[in-house]
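Values quoted throughout were computed directly from the atomic coordinates according to the rules given, and no laboratory measurement underlies them. Because the structure is predicted, anything quoted here is derived from the model rather than measured. No Cβ is skipped: glycine too gets one built from the backbone with ideal geometry, and neighbour counts run over all protein chains shown.
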Ligand SMILES: C[S@@+](CC[C@H](N)C(=O)[O-])C[C@H]1O[C@@H](n2cnc3c(N)ncnc32)[C@H](O)[C@@H]1O
């Protein structure tokens, strides 16, 4: 038998949310989740709860937020429930195929934009390696029409989502399926390589939050403890042959691996700059060809 869905005002729904989720989250967090569901999933105005607390939710909305509460209690990420994430000026679709883009990665894009974003004097061929949702590639293509952006990932379903995001944001990216660890077959050269590759060591797993560990794709997160720089090494080898003169590489990195990365990069011919993220951790590297 199907339960009858009760009518509920916005205020009643919010209060019920607080009651249901309070065992796990603070009121501040719960209110944020509630507001996000209202705005992202139902396209309601963010101020509606304050201005029209007695306005009624549709039965399907009530059902949706009830299911969302169950998922939130099981640590399912809010962004996968709403299916959206905001990344710089972009609105992107996300689902469990892809990592939820992080603010640190916005900062990596900011760095490239600072270096090139406003320059329209010459074109730049860019390759985003491990594109996931397409956040880096799309943000760069959106920023400067002189950027010709390509992006790779290992599986077609991931690229399909990235392509959908590119179309929704009105940019053209050349997405292609390619294993980052088999780059020999790739013949094209680029002016800028950018990558936020998998970089979390398995031994870090114990400190990770269940919303990440239990729900985000492990292939996007983890590298083997015995070779955590495997992706950086592959990209640097590729760059030796396929990065144009005066080319630049931008990496997002695991701050725990900075010493090992410095040693690895010293084997190649680059000037390294390091940047901290908003949390004060060395999170980004820029490598300029000497
Ligand atoms: C840390 S996520 C970054 C995703 C996105 N660029 C971002 O910043 O949110 C790493 C990405 O690398 C991809 N990846 C992992 N192993 C790969 C491989 N062997 N070849 C190509 N891509 C790979 C994953 O599918 C994932 O999308």
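Here the extension length gained between residue 39 and residue 172 equals 45.1 nm, from 0.36 nm per residue of separation less the Cα-Cα distance. GNM remark for the chain: springs join alpha carbons under 10 Å apart, and the peak mean-square fluctuation among 250, 80, 17 falls on 17. Taking 108, 193, 21 as the candidate residues, the one with maximal mean-square fluctuation in a Gaussian network model of the chain, Cα springs under 10 Å, is 21. If you take the Cα centroid of the stretch 1-50 and the Cα centroid of the stretch 121-191, the two points sit 37 Å apart.
Classify the stretch 10-74: rounded, prolate or oblate, from the alpha-carbon gyration tensor (a ≥ b ≥ c, eigenvalue square roots; a/c under 1.5 rounded; otherwise prolate if a/b is larger than b/c)? Prolate is the answer for the stretch 10-74, as a/c is 1.5 or above and a/b outweighs b/c. With the simple model of a label 7 Å out from the Cα in the direction of the Cβ, residue 260 to residue 52 spans 5.5 nm. Modelled label positions at residue 189 and residue 164, each set 7 Å beyond Cα in the direction of Cβ, lie 3.8 nm from each other.
Stretching residue 288 away from residue 179 to a fully extended chain increases their span by 36.8 nm, per 0.36 nm per residue minus the current alpha-carbon distance. Between residue 269 and residue 71, the simple spin-label model (points 7 angstrom out along Cα→Cβ) gives 5.1 nm.
Calculated on C-alpha atoms, the gyration radius of the stretch 51-199 divided by its Kirkwood radius gives an Rg/Rh of 1.07.
Expressed as a whole percent, the proportion of Cα-Cα pairs in the chain lying more than 35 Å apart is 27%. Between helix 10-21 and the chain, what is the angle of the helix's C-alpha long axis to the longest principal axis, kept within 0 to 90° and rounded to the nearest 10? Its long axis makes an angle of about 70 degrees. Taking every C-alpha pair closer than 8 Å and separated by at least 6 residues, the mean separation divided by the residue count of the chain gives a relative contact order of 14 percent. Peptides 186-192, 223-229 ranked from most to least packed, by the mean per-residue count of other Cβ atoms within 10 Å: 186-192, 223-229.
Take every Cα pair under 8 Å in the stretch 10-74 that's 6+ residues apart, average their separations, divide by the length, and report that relative contact order as a whole percent. Once divided by the residue count of the stretch 10-74, the mean separation gives 44 percent.
A protection proxy built from the mean count of other Cβ atoms within 10 Å ranks the segments 207-216, 129-138, most packed first, as 129-138, 207-216.
Working note: 222 nm ellipticity from helices only, DSSP H runs with n ≥ 4, each -39,500 (n - 2.57), summed and divided by the residues of the chain, gives -10500 deg cm²/dmol to the nearest 500.
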